[in-house]
Every structure is written in structure tokens, then in C-alpha cells.
Amino acid sequence: MALILGIESSCDETAVAVIDGLGATYGARVVAQRIASQDAAHRPYGGVVPEIAARAHVEVLAPMVAATLHDAGITLEAIDAIAATAGPGLIGGVMVGLVTGKALAMAAGKPLIAVNHLEGHALSPRLADPTLVYPYLLLLVSGGHCQILEVRALGDYRRIATTIDDALGEAFDKTAKILGLGYPGGPAVERMARDGNARAVPLPRPLLGSAEPHFSFAGLKSAVMRAHETGLHDPADLAAAFQQAAIDCVLDRLRVALRLSGPVSALVVAGGVAANQALRGALQAVADDAGLRLVAPPLPLCTDNAAMIGWAGAERYALGLFDPLDVAARPRWPLDANAAPVRGAGVKA
Ligand code: KG4
Ligand code: ZN
């Protein structure tokens, strides 16, 4: 049995978890977890403000570690290793979590595991479903990331697709902003879309049919804005039309990626947008067509959390993959360092 303390602070969630690396079920594996969302602090600005985020992490993290250990009924002594997100993300926040992890590791004489936040998302489906084996095809869609990865083994990731502009969650958030639905926007757009008619507003599907599997959502977002500005459309119809166009793009890109990927055991979705029920339903069809099982983790594991960091730590712990106490925090940290740059792409991690 390996007990791992996981710490996450790379964006606007402060989270701590204790993971039992050898438990058999999801419930048994996550011994305790706490999460504090900063949504309220960022809402007036319509997006995450890095300075506010870093300060908020500082305020709550240390007491949250103590409270989570208390929930787990253990002290730091019982922990086998400390796993903290070391990037990619907002560097101020990442440093708060990583430095806290280093201090705990040093004080308790425990190994430190510097976890890539994207690896946390990529491996979290294995925490939810212990039968999920490597290799699998992963659709990773969140506010900051939009990638299709062939997850071959721990630490062995081939990036098949990325976005050349916005991430999918970012497109949901911007659409929410256009429609005046507040921040964070994904869940609000999904709720509103339920009452709308997706066919009422024609919207573009960027890169649909393109031979490369990459994503683009900036043009879709601009089209939503132009359609909204005409004042002719019901916001619910716009939300539904946006969501349908975005999903159509994802399905088309995934079908191309499946052709480019090696053999995989399952189609897996992770990241905050994986919480979207319409997307989950649509992905099932792609998986069925490909003869693959669809693995979609429970919602609390899809959005940012510390259980996924603790779990990635547990997988690394099992292989003895530890990091020195002077390991650096990294604002950018691609999972596949060999991935070729994509023409037109920005600087997303
Ligand atoms: O993984 P996550 O918590 O943070 C990042 O690492 O980015 O993902 C947050 C993103 C936000 O863009 C949010 O709007 C989106 O996930 N999201 C959703 C839904 N729930 C969260 N997007 C669409 N539908 C949802 N139900
Ligand atoms: Zn994330």
C-alpha cells in the first residue's frame, strides 16, 4: 500500500487529496480529497486573474493539507510520497503548490514527485476505471488544453492533435461571455443549450474534413459573436448551435486521429469539458463505430482536482520515479516533447 498526498494549484482550483495507490475501486483509492474553487474571486473579471489566483492558493493551501490529512485519519508520517503539480499552468499558482510540496517532503523526509498537470488529466481515467490499460486514445479537453494523445505508457505520450488557436473549454467560456452567462461558462452554455434549437443558427465548423486532426475554435467563437450582434437569435438557440458545431468538430477530428493512431484499448475523454453530457453522448457513437470502449471518468475527476495528481504520483511511485527538491516549476510543459509544431498554432502548452 502506498499513500500519496496530491497537491494541485495550477489554475483556479486549490486541491489536496490522499490516494491509496493499491485500492481496488475508485472509492477505495481516493482516501480523502478537498477542493476550493476560486470562481467567485475571478467572476467579476470574466476569467482567471493570475495574481488573484496565486494569492488565493497561498491563503488556503496549508490549512487544506492539514484538513485533508485529518479527513483521511492520518498524519504526514503515514504518507509515502508527496505529489505536487509542477506545471504547466499559471506560474504563480504552480509555485505555491510545488513549494508547499517541497516543504512537506523536506520536513517529513518523504520523496517528492513533480507531476505534469496534463499527465494528471491523462491518467485520471485509470483511477476511475482500474481495468483501463495502456495504450489508449485520449481526448483531453479543458479550459487551457485541447489535445488528442496516444497514451502508450506512463510517461510515453504521442500528441496526435492540438488546437491552432482556442481550447474547447475556452470556446465554451467565450461563448458564455458573449451570451452574458458569466464565468465559468461551460456548464452554463450546456444548460442553456438544452432549451435551444441547434439548427436555428447556421455556424461554421472550422477544419471539418481537414486531413490533419488539429482543432480550431476561434472562427466559431467569432461567428457566435456576429450572430449574437444581429439581435435576431434566441440565446438558447445560439448556445445549442455553438455546442453542436463544436461537438461536430470534435467528432470529425477524433475520427481522423483514430486513423493516425496505433492500436488502442479504448477511447478516453478527460479534462473539464468531459463533464459535458452532449459531448459524452456523441463520443459514444465514435467509440462504437471504431469498436472501442468509451471511458469517461466521473465528473469530479474531469475538472481540475488533486486526486488525479495523487494518482499520477502513485503510478510514478510504483516505478520509483522521484524528483529532486530543486525541481523547477514550469509554465509550459508539453506531454510530448517531440510533437511537431503546428502551422498557425499559438503557444498553448
Ligand atoms: O480541467 P478544467 O477544470 O481546468 C483546466 O485545466 O482548464 O476545465 C475547465 C474548463 C472550463 O473552460 C469550463 O468552462 C469547461 O471546462 N467545462 C465545460 C463544462 N464543465 C466545465 N464545458 C462544457 N460543458 C460543461 N458541462
Ligand atoms: Zn486541468
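The values are calculated or read from the model by the stated rules, or taken from the named source; none is laboratory data. This one's a predicted model, so the numbers in the text were calculated from it and none came from an experiment. Methodologically, a virtual Cβ is constructed for each residue, glycine included, from the backbone with ideal geometry; neighbour enumeration extends over all protein chains shown.
A few points about this structure:
- The C-beta contact set for region 117-139 (first residue within 13 Å of ligand 2 (Cβ to nearest atom), second residue outside any loop (DSSP other than H, G, I, E, B) and of a type in the set (Asp, Glu), distance under 7 angstrom, 6+ apart or interchain) comprises LEU123/GLU315.
- The residue list PRO324, PRO263 contains one member that is farther than 28 Å from ALA188 by Cβ and not assigned by TED's automatic domain parsing to the domain that holds ALA218, which is PRO324.
- Cβ pairs under 7 Å, 6+ apart, first in region 165-188 and in contact (Cβ under 8 Å) with a residue 24 or more places away in the chain and farther than 17 Å from CYS302 by Cβ, second among the aromatic types (Phe, Trp, Tyr) and in a helix (DSSP H, G or I): THR175/PHE242
- Any strands (runs of 3 or more DSSP E) falling wholly within region 27-116 and containing at least 2 residues that are in contact with a Phe, Trp or Tyr (Cβ under 9 Å, 6 or more places away or on another chain): 81-87, 112-116
- The residue pairs whose first member lies in region 1-21 and is under 15 Å from ALA32 (Cα atoms), whose second member is assigned to a strand (DSSP E or B) and of a type in the set (S, T, N, Q), and whose beta carbons are closer than 6 Å, counting only pairs six or more residues apart or on different chains, are GLU8/THR85; ALA17/GLN33.
- Summed over region 117-152, the residues that are hydroxyl-bearing (Ser, Thr, Tyr), modelled with pLDDT under 95 and outside any loop (DSSP other than H, G, I, E, B) give a count of 1.
- Scanning region 254-263 finds no residues that are within 16 Å of ligand 1 (Cβ to nearest atom) and modelled with pLDDT of 95 or more.
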